[in-house]
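A short worksheet on the structure shown next.
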Amino acid sequence: MEKKNIDWGNLGFGYQQTDYRFVSNYKNGAWDEGTLTTDANIVINECAGVLQYAQTVFEGMKAYTTEDGRTVVFRPDLNAERFENSARRLEMPVYDKDRFVEAVKKTVKANEAYVPPFGTGATLYIRPYMFGSSPVIGVKPAEEYQFRILTTPVGPYFKGGIKPLTIRVSDFDRAAPHGTGHIKAGLNYAMSLHAIVTAHEEGYDENMYLDAASRTYVEETGGANFLFVTKDGTVVTPKSNSILPSITRRSLMYVAEHYLGLKAEEREIPIEEVREFAECGLCGTAAVISPVGRVDYKGEQIVFPSGMSEMGPITRKLYETLTGIQMGRIEAPEGWLVEI
Ligand code: PLP
Ligand code: COI
């Protein structure tokens, strides 16, 4: 397979059009077969549910080239499951999980020339999404939907690669209790845009959101979950019903326990405890694990002992083990890598 002539090593996290995308339409209560198309544009009615009332959900995962030259996708079954939960919460039709995985495989296969070669640090980002396509004007679910999968080759989400980030505790809330924080709905990201733009203007890389009800506990950022490491080497991650159940975080907690022999805990984390931790990182498909060096909270600068120039030692081990599994250098648990 001849790869495209792309400067893989210098890719950022941006959209670059690839050759094929998957499209399937839902009409009269059923999904059609779906097909690959070369048309990257969508024509929908001016009153489509997605345009008027933000009825859209999405997913994110990656395809990798392994050391021995295979193309693999990381745990797409979990994305399929989360996509189903997201759709149900927004009164959208479910896209069958097995068909979701098949459609992902088909789309990656068609765009294999864009899957970055092993060792370049880049990956093929896969973005399945669904939206209400038929007109609605009263507030109600659309009757027709479109499911699509686009792919785009990407580099690191944060500029500077693995340089520790500086973040702030946001004055804005991301997700209400009993709201939509636990699903991957476009609306959660639209409402985070003002917070991220102002964070960037003030020199921060990201926002740390606290729980909206009490503003006491750590939740997540706009696009990643948190991992902390205690001074005695336990990996800790926030437990909350209003954060996205990150597949990367669930995988890292498994890696911590089963590959690195560490203690791993999912529990409520008071913001007041953050200054006690030795290391902090953001984890997600796009973020992989991005180390955090400093958190600003109510005028205080909390600098982790791991500092502002290096990833902390346990964060690094987690990073190396997870990426080693994803790139086929370290044996993966059963079912984690789906070969194309
Ligand atoms: N939290 C939010 C808000 C996200 O958008 C993402 C990205 O998908 C994550 C966490 C990380 O989830 P995952 O590891 O499944 O990509
Ligand atoms: C992902 O990690 O897949 C996401 O959707 C996060 C987004 C902020 C790019």
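Out of the residues in region 243-272 that are more than 24 Å from V303 (Cα to Cα), of a type outside the set (V, I, T) and within 12 Å of ligand 1 (Cβ to nearest atom), which is most open to solvent (accessible area, probe 1.4 Å)?
R250
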*Residues of region 260-278 classified as touching a Lys or Arg at 6+ places or on another chain (Cβ under 9 Å) and under 18 Å from R316 (Cβ atoms), total*: 4
*Search region 46-99 for residues being hydrophobic (A, V, I, L, M, F, W, C), open to solvent by 20 Å² or more (accessible area, probe 1.4 Å) and touching a residue at least 60 places away in the same chain (Cβ under 8 Å), and hand back the single one that is nearest to ligand 2 (Cβ to nearest atom).*
F58
_Pair list, Cβ under 7 Å, 6 or more apart: region 115-139 residue in contact (Cβ under 8 Å) with a residue 60 or more places away in the chain, other residue among the basic types (K, R)_ = P117/K3; T123/K62; L124/K62; Y125/K62; I126/K62; Y129/R148
*Which one of Y204, Y125 is within 14 Å of ligand 2 (Cβ to nearest atom), hydroxyl-bearing (S, T, Y) and within 21 Å of the chain's Cα centre (by Cα)?*
Y125
*Is it true that some residue in region 149-164 is over 18 Å from the mean Cα position of the chain (by Cα) and at pLDDT 95 or above?*
yes
_Those residues of region 137-192 which are of a type in the set (G, A, S) and touching a Ser or Thr at 6+ places or on another chain (Cβ under 8 Å), in sequence order_ = A142, A175, A176, G179, G181, A185, G186
*asked:* Restricting to region 287-315, name every residue that is outside any loop (DSSP other than H, G, I, E, B) and on the phi > 0 side of the Ramachandran plot.
replied: V288
*Keeping to region 308-340, report how many residues are open to solvent by 20 Å² or more (accessible area, probe 1.4 Å) and touching a helix residue (DSSP H, G or I) at 6+ places or on another chain (Cβ under 6 Å).*
4
*Tally, over region 126-182, of residues that are among the hydroxyl-bearing types (S, T, Y) and more than 16 Å from ligand 1 (Cβ to nearest atom)*: 4
*Give me a count of the residues in region 212-225 that are surrounded by fewer than 24 Cβ atoms within 10 Å (Cβ to Cβ) and either closer than 14 Å to L318 by Cα or more than 16 Å from the chain's Cα centre (by Cα) (or both).*
6
*Here are some residues: T237, T230. Which one is in contact with a helix residue (DSSP H, G or I) (Cβ under 8 Å, 6 or more places away or on another chain), open to solvent by 10 Å² or more (accessible area, probe 1.4 Å) and polar (S, T, N, Q)?*
T230
*Enumeration of residues in region 241-267 that are closer than 25 Å to A212 by Cα, more than 14 Å from ligand 2 (Cβ to nearest atom) and of a type in the set (G, A, S)*: S242
*Where residues in region 273-286 are part of a loop (DSSP other than H, G, I, E, B) and more than 7 Å from ligand 1 (Cβ to nearest atom), which of them is farthest from P245 (Cα to Cα)?*
A278
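The values are calculated or read from the model by the stated rules, or taken from the named source; none is laboratory data. Fair warning: this is a prediction, and the values are worked out from it, not measured in the lab. FYI the Cβ positions are ideal-geometry reconstructions off the backbone, even for glycines, and counts take in every protein chain you see. Side chains are part of the model used for accessible areas, which takes the heavy atoms of the whole protein and leaves out ligands, DNA and RNA. Shrake-Rupley method; radii C 1.70, N 1.55, O 1.52, S 1.80 Å.
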